[in-house]
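*Asks:* Please read through the structure below; I'll follow up with questions.
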Amino acid sequence: MNCRRPLFSLAKSLTPFFPSSLRSISSTPSLRHLTLDSDPSPVAPPRTLAELRRRLQAETLELSDFSYSVEVGTKKKPLPKPNWMKERIPGGAKYAAIKAKLRELNLHTVCEEAKCPNLGECWSGGETGTATATIMILGDTCTRGCRFCNVKTSARPPAPDPDEPSNVAEAIASWGLDYVVITSVDRDDLPDQGSGHFTETIQKLKSLKPNMLIEALVPDFRGDAIFVEKVAKSGLDVFAHNIETVEELQRSVRDHRANFKQSLDVLKLAREYAPPGTLTKTSIMLGCGETPDQVINTMEKVRAAGVDVMTFGQYMRPSKRHMPVSEYITPEAFDKYQAIGMEMGFRYVASGPMVRSSYKAGEYYIKSMIETDRANAAVAAANIAS
């Protein structure tokens, strides 16, 4: 069947093509070249957001012979990971330098704590040359216990290091990164939920490297508007907060202190408080037991909240103590969600099995978007002045 309707008009009719009982693997596109065609031959990745939009408009969405996912097996007889989930071994000079500096200053990265498969690619810059890293502040111990997360948990973690904002800023400034993500554990034990630590870190880094782009991937701060406002006005370029999963699975995936409405409200508040030009961003994991209909409904609500960027990745079980993977979503299915998200009006959607909420390829596009926005704003200001 060849379907020529606009992608968004397909949103409500995709479920028949995503049956949970359909498990066979069909030909899938290359992981490194997202394309909407059923032809698996490599296509050069788009270099700009405008080029990506043109490709989405030009290519059709083929839904025939579509495989949505593959089984993970049972606890006693697990099936091997599909080929597209094979992890790459990190390496390279820049990777080694960053890791050595982290150990020297006793700093943490979510890249390491979460065992991210893209760690080496992001730290080295990869194909795009945009070197990125995700630094985790406020210690390495979280006050919450989400079922998917590999970070240590405790009701009373050690007190934050008062020198950490300065150490983080100085370390990042010395690495030659183009784009940095600063994230943290949840700190429900602190009076300000850690918002002051975030703000100080961002401001110190901006004072050292004014042109570096900073994304803050923040916890929900219990939904407190004062703390959200403090971070949103700290000088960051991207305010990110992850809703993690579809609305219907929040209680079974996340800690009981987190919920969909609270997370969505945080993103709305950030958009309200942040200076013009600041992007908002969120992410969800697939393979937790969600249905395509639930994914699309969640996307609609996130977009209605004004979020600019959304990412989709495959949930990977960190250990046998954590929530099991329900299924491995095919690269083809991730491509479909990317197409639908762009048609919904998101400014950018990063979607793929190996994509994580902090992802080098996505940050390359976000960097381009911010630079384009600033150039356009400067031209507009010059026109008004003349």
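The values are calculated or read from the model by the stated rules, or taken from the named source; none is laboratory data. Quick caveat, the model's predicted, so the values are computed rather than measured. All Cβ positions, even for glycine, are placed from backbone atoms using ideal geometry, and neighbour counts span all protein chains on display.
*Asks:* For region 348-386, which positions are out of contact with any strand residue (DSSP E or B) (no Cβ under 6 Å at 6 or more places or on another chain), modelled with pLDDT under 80 and closer than 22 Å to residue 183 by Cα?
*Replies:* 361, 364
*Asks:* Further, regarding this structure: Residues to consider are 253, 231; find the one that is crowded, with 18+ Cβ neighbours inside 10 Å and modelled with pLDDT under 95. Spell out the reasoning first.
*Replies:* Values: 231 fails: modelled with pLDDT under 95.
On inspection, the qualifying residue turns out to be 253.
*Asks:* Looking at region 220-232, can you tell me whether even one residue there is under 18 Å from residue 142 (Cα atoms) and touching a residue at least 60 places away in the same chain (Cβ under 8 Å)?
*Replies:* Within region 220-232, none of the residues are under 18 Å from residue 142 (Cα atoms) and touching a residue at least 60 places away in the same chain (Cβ under 8 Å).
*Asks:* Scan region 341-357 for residues that are outside any loop (DSSP other than H, G, I, E, B) and under 27 Å from residue 216 (Cβ atoms) and jot them down.
*Replies:* 341, 342, 344, 348, 349, 350, 351
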